[in-house]
Amino acid sequence: MSLNDRPSAGVAESRPPFPPFTLTSALEKVRLAEDGWNSRDPERVALAYSPESNWRNRSEFLQGREAIVAFLTRKWERELDYRLIKELWAFTDNRIAVRFAYEWRDDSGNWFRSYGNENWEFGTNGLMQNRFACINDAPIAEADRRFHWPLGRRPDDHPGLSSYGF
């Protein structure tokens, strides 16, 4: 689906589960976000955010879906073989905090593991309105990689982030 295929501004958009979050719905929201990002499809990922969504990602400040799509397109052109695990850290009402790690390589074959935390704020329609991400990259040897599933969704039986002690 392209951004031009999304519902018009006059049509209500929504993305369950909706706030206020319970433990079950917060865990589901985190897994759905992880699955979306592991698709590496910028337009699909952007649909989880409100049309006016505000982001801080490292030192970049973005607003709106078009900016999100452009950012993610650049990201996944540079971060190859990207595999991500997100884990719920805390939640309340319409906010969720997660920690995450992802592995990727650059076009020279250098591997990295990126670690970070995100704070999310959602509208009543379940779309993320604000995303604040702090991320650090650590070079790793290819032999030290831990995320080996086929590109795409992390299998349900694959260990979560806490299993690695990251």
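Might you check whether a residue that is surrounded by 17 or more Cβ atoms within 10 Å (Cβ to Cβ) and assigned to a loop (DSSP other than H, G, I, E, B) occurs anywhere in the stretch 130-138?
No: the stretch 130-138 contains no residue that is surrounded by 17 or more Cβ atoms within 10 Å (Cβ to Cβ) and assigned to a loop (DSSP other than H, G, I, E, B).
Here are the criteria: (1) over 20 Å from residue 20 (Cα atoms); (2) not in a strand (DSSP E or B). Tell me which single one residue 124 does not satisfy.
(1)
Return the residues of the stretch 106-134 that are in contact with a Lys or Arg (Cβ under 9 Å, 6 or more places away or on another chain) and over 24 Å from residue 51 (Cβ atoms); say none if nothing qualifies.
106, 107, 111, 112, 113, 115, 116, 117, 134
Which one of these is modelled with pLDDT of 95 or more and either touching a strand residue (DSSP E or B) at 6+ places or on another chain (Cβ under 7 Å) or aliphatic (A, V, I, L, M) (or both): 79, 60?
Going through 79, 60 in turn, the sole match is 79.
Tell me which residues, restricted to the stretch 32-59, are surrounded by fewer than 18 Cβ atoms within 10 Å (Cβ to Cβ), within 20 Å of residue 85 (Cβ to Cβ) and either of a type in the set (D, E, K, R) or touching a residue at least 60 places away in the same chain (Cβ under 8 Å) (or both).
Across the stretch 32-59, the qualifying residues are 35, 39, 41, 44, 58.
Against the conditions (1) in contact (Cβ under 8 Å) with a residue 40 or more places away in the chain; (2) of a type in the set (Ser, Thr, Tyr); (3) more than 28 Å from residue 124 (Cβ to Cβ), where does residue 92 fall short? Just the number, please.
(3)
Can you pull out every residue in the stretch 90-111 that is in a strand (DSSP E or B) and surrounded by fewer than 15 Cβ atoms within 10 Å (Cβ to Cβ)?
90, 92, listed by residue number.
Of all residues in the stretch 60-78 being aliphatic (A, V, I, L, M) and closer than 18 Å to residue 102 by Cβ, which is surrounded by the fewest Cβ atoms within 10 Å (Cβ to Cβ)?
Among residues in the stretch 60-78 that are aliphatic (A, V, I, L, M) and closer than 18 Å to residue 102 by Cβ, the one surrounded by the fewest Cβ atoms within 10 Å (Cβ to Cβ) is 72.
Those residues that are assigned to a helix (DSSP H, G or I) and touching a helix residue (DSSP H, G or I) at 6+ places or on another chain (Cβ under 6 Å), I need them from the stretch 67-89; list them, please.
Those that are assigned to a helix (DSSP H, G or I) and touching a helix residue (DSSP H, G or I) at 6+ places or on another chain (Cβ under 6 Å): 68, 69, 72, 73.
It is to be established whether one or more residues within the stretch 28-35 are within 22 Å of residue 117 (Cβ to Cβ), out of contact with any strand residue (DSSP E or B) (no Cβ under 9 Å at 6 or more places or on another chain), charged (D, E, K, R) and assigned to a helix (DSSP H, G or I).
For the stretch 28-35, residues within 22 Å of residue 117 (Cβ to Cβ), out of contact with any strand residue (DSSP E or B) (no Cβ under 9 Å at 6 or more places or on another chain), charged (D, E, K, R) and assigned to a helix (DSSP H, G or I): present.
The values are calculated or read from the model by the stated rules, or taken from the named source; none is laboratory data. Just so we're clear, the structure is a prediction, and the values are computed from it rather than from any experiment. So basically every Cβ, Gly included, is an ideal-geometry build from the backbone, and we count neighbours across all protein chains shown.
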